[in-house]
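The values are calculated or read from the model by the stated rules, or taken from the named source; none is laboratory data. Fair warning: this is a prediction, and the values are worked out from it, not measured in the lab. So basically every Cβ, Gly included, is an ideal-geometry build from the backbone, and we count neighbours across all protein chains shown. Remember, those area values only see protein heavy atoms, side chains included, never the ligands or the DNA or RNA. Shrake-Rupley method; radii C 1.70, N 1.55, O 1.52, S 1.80 Å.
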Amino acid sequence: MQGRVKIALIGAGMFGGDVHLRAYADLQRAGLAPHLGRIGLDHWTRDLAPIQFELAAVAARSEKSARLARRNFKKWTGHEPRAYFGPTPWLDVLRAIPDVDVVAVATPDNLHTPVVLAALKNLSHVITEKPMCLSIHEADQIIDLARRNNLIVAVDMHKRYDPDHLRIRDDIKNRIGDPLYGVACLEEPLQVSTATFKWVEQSDPFSYVGPHWVDLIWHYYKSKPVSLTAIGQKKRLVRDGINAYDAVQVRVDFANGMSIHFHNNWITPPDFEGPVNQGHEIVGTDGKVESDQQYRGLRFWHKGGGSRTVNTHFTREVSRPDGSKAYVGYGVDSLTAGLAAVCRRKFWHEKREALAAIYPSAEDARITVAIVHAAAIVRDLNFKYLRRGKGAPVTARFGKDGITIIDPHRRPGRSKEIGHRIYDKPI
Ligand SMILES: NC(=O)c1ccc[n+]([C@@H]2O[C@H](COP(=O)([O-])OP(=O)(O)OC[C@H]3O[C@@H](n4cnc5c(N)ncnc54)[C@H](O)[C@@H]3O)[C@@H](O)[C@H]2O)c1
């Protein structure tokens, strides 16, 4: 099967300009085939090997970022994508290149939905960064449009492809018994919240990085949430004049009876040894798994550089004979999974539903978005009540009747009205 897949990358910052751009450069050089065995899709290697990929456009808010991405891509591949910039550059891309097959979305957390919906209206498939969006209502819009237009929306949930997690998924299925409780943490550098992101006040540490673990837990157990509580602190970033949460903690209770605590912050000082601190553990009736994703046994230090660790599983560079570097790791794997689904849909006309199991889908992301959406409301109410000395009693309930925020302070003395429905479809 000969064919070409045209990609447009919208958002070329820390993640889009690095991981997506590098991954698409390798695709342009060598296609999908080199990566398929890593994600259990090697039976498609011969089918997909001849398919060509082209990064047709890259877009960012500023001209400088868009041009830098274009230059880097040319340096890696010899090919120059068109560069777009401005407040809504994805509209310019879709107007100029209406036959774009895939729109890759790496804009700030609060700016995924308009790009995703515009792409789907244009009949383009989508690979989007996490969180797919911040509102369950927007998630439904995305899923409806993707279904109606028979398109793939793949979400970059790469923790599923971490080699340790592939093993853990097998362990928890077959060896540790019924899950009781767990903890998952991801702590990001202060640099991210104080310098890199201009949009911290429009997101929070749980919405930003919590989805990684929420999705992984969903992927492990496929168990829906039944309730949650959330709380956050604002002490460090306010020192820099930033009105955003330093840290957020969320406890989610699931239908299978397990309770998982998610701990996230973006205030880790630069002296910390790893790029991020992260790990999770799950206790079951017959055993436990622990996974330290930060320190995996590789540490180095030198004069003036402190002691450092790296995560070579996420991405690593491998030298090619010509001296250039191939880019592999689980950071690339979830993009590969989404693009493999796009190829099967575009060239083999396979059904969207039949492909859903091979990549992190919009339907999967809907569960994560439901949790992120409810947690943001519960967190804000608990934050407000804590400051007034009223404790942190607010929770959210999920079920067939949708999502209800339970706020005992809402109508003091009128217990029937403490519930406030924010979503009325089954979760
Ligand atoms: N999968 C992961 O592990 C991972 C890691 C980091 C970030 N992310 C996600 O990727 C997304 C981007 O994060 P980042 O770290 O690259 O942020 P960033 O702030 O470094 O980059 C944001 C990019 O979006 C662009 N942008 C902003 N407004 C825009 C607009 N109106 N139109 C077009 N482009 C616009 C900026 O120009 C910039 O290129 C976020 O959703 C984030 O959660 C994912």
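Just to be sure before I move on: is VAL5 touching a Lys or Arg at 6+ places or on another chain (Cβ under 8 Å), in contact (Cβ under 8 Å) with a residue 12 or more places away in the chain and within 12 Å of the ligand (Cβ to nearest atom) in the structure I sent? No. In the set (1) in contact with an Asp or Glu (Cβ under 7 Å, 6 or more places away or on another chain); (2) open to solvent by 10 Å² or more (accessible area, probe 1.4 Å), CYS185 fails one condition alone, (1). If you go through region 189-205 and pick out every residue that is out of contact with any Lys or Arg (no Cβ under 8 Å at 6 or more places or on another chain) and open to solvent by less than 20 Å² (accessible area, probe 1.4 Å), you end up with 5. Residues in region 296-311 that are among the basic types (Lys, Arg), open to solvent by less than 80 Å² (accessible area, probe 1.4 Å) and part of a loop (DSSP other than H, G, I, E, B): ARG296 alone. Among the residues of region 121-144, those that are within 24 Å of ARG4 (Cα to Cα) and surrounded by fewer than 24 Cβ atoms within 10 Å (Cβ to Cβ) comprise LYS121, ASN122, LEU123, GLU129.
Counting residues in region 24-35 that are at pLDDT 95 or above and either within 13 Å of the ligand (Cβ to nearest atom) or farther than 24 Å from LYS325 by Cα (or both) gives zero.
So which residues in region 56-112 are touching a His at 6+ places or on another chain (Cβ under 7 Å) and either without any contact (Cβ under 8 Å) to a residue 60 or more places away in the chain or small (Gly, Ala, Ser) (or both)? If the condition is that a residue be touching a His at 6+ places or on another chain (Cβ under 7 Å) and either without any contact (Cβ under 8 Å) to a residue 60 or more places away in the chain or small (Gly, Ala, Ser) (or both), then PHE73, ALA104, ALA106 are the ones that fit.
Just one of the listed residues (ALA83, ALA66, ALA59) is more than 8 Å from the ligand (Cβ to nearest atom) and either among the hydrophobic types (A, V, I, L, M, F, W, C) or not in a helix (DSSP H, G or I) (or both), and it is ALA83.
Just one of the listed residues (SER334, SER319) is crowded, with 17+ Cβ neighbours inside 10 Å and at pLDDT 95 or above, namely SER334.
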